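Everything on this sheet refers to the single structure shown next.
The values are calculated or read from the model by the stated rules, or taken from the named source; none is laboratory data. Predicted model only: the values in this text are computed from it and were never measured. So basically every Cβ, Gly included, is an ideal-geometry build from the backbone, and we count neighbours across all protein chains shown.
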Amino acid sequence: MRVKLLIFGVLVPPILVLDWVTKRWALEALVAQRGELFGGLVPLTLAFNKGAAFGLSVGEDSRWFFVPVTFLALGLLVYLMKDAEEGDHTRITAISLVVAGALGNLYDRLRWDRGVVDFLGPIDLGLWDFPIFNVADMSITCGAILLAVSFWMEEQRIAARARAEEERGPPGGTEEGGGRDEPAIG
């Protein structure tokens, strides 16, 4: 449990602080004008997202839908964290990232009805514009991808163990000889 708490404690607070500081900066600096990063590659545009990721909405004031859903998701993440093996650093890191991002966006949903503060983007990808996002969204996305990788790695370990057991044969060996080379008595 110590490793889990250490990873969680190293990741979650700095992400929450970075999310809060950057959103606060965006609220002050981007009210009157847009900005840019990396020579215009990443536009900076203040936006308030009342929906979910990528602007998905479930009505006019969907925050009262997303607040309980976030609490349910946080409960599931706590369960996954408890269930994670102490040495599964990938899963523990992934869960910590998702929790940090969920808490960052939950703060915005609870503090006002304007929505979650987004400010990075939209990014022109040629065929379409990538939606406006924030630090919490990046944390959730990276954590979700890492969590999927963690589950895939676990499936691979389980499949490898199953193959190894198949190659060894059934426990107890064959029916005829009892499965072991026993010395003849007599």
| Restricting the search to the stretch 65-79, which residues are among the small types (Gly, Ala, Ser) and either under 15 Å from Gly115 (Cβ atoms) or loosely packed, with under 13 Cβ neighbours inside 10 Å (or both)? | Gly75
| Index of the failed condition, Asp108 passing every other in (1) touching a residue at least 60 places away in the same chain (Cβ under 8 Å); (2) touching a helix residue (DSSP H, G or I) at 6+ places or on another chain (Cβ under 6 Å); (3) assigned to a helix (DSSP H, G or I) | (2)
| query | Quick check, is Asp83 surrounded by fewer than 14 Cβ atoms within 10 Å (Cβ to Cβ), out of contact with any Pro (no Cβ under 8 Å at 6 or more places or on another chain) and of a type in the set (Asp, Glu)? | reply | yes
| query | Only one of these conditions is not met by Arg114: (1) over 14 Å from Cys142 (Cβ atoms); (2) touching a residue at least 60 places away in the same chain (Cβ under 8 Å); (3) not in a loop (DSSP other than H, G, I, E, B). Which number is it? | reply | (3)
| task | Would you be able to tell me the number of residues in the stretch 39-68 that are modelled with pLDDT of 85 or more and either part of a helix (DSSP H, G or I) or within 15 Å of Ala102 (Cα to Cα) (or both)? | result | 6
| note | Scanning the stretch 117-134 residue by residue, those of a type outside the set (S, T, N, Q), surrounded by 17 or more Cβ atoms within 10 Å (Cβ to Cβ) and assigned to a loop (DSSP other than H, G, I, E, B) turn out to be Gly121, Pro131, Ile132
| request: Spot the failing condition for Trp25; the list is (1) out of contact with any Cys (no Cβ under 6 Å at 6 or more places or on another chain); (2) modelled with pLDDT of 95 or more; (3) closer than 26 Å to Val3 by Cα, and only one is missed. | output: (3)
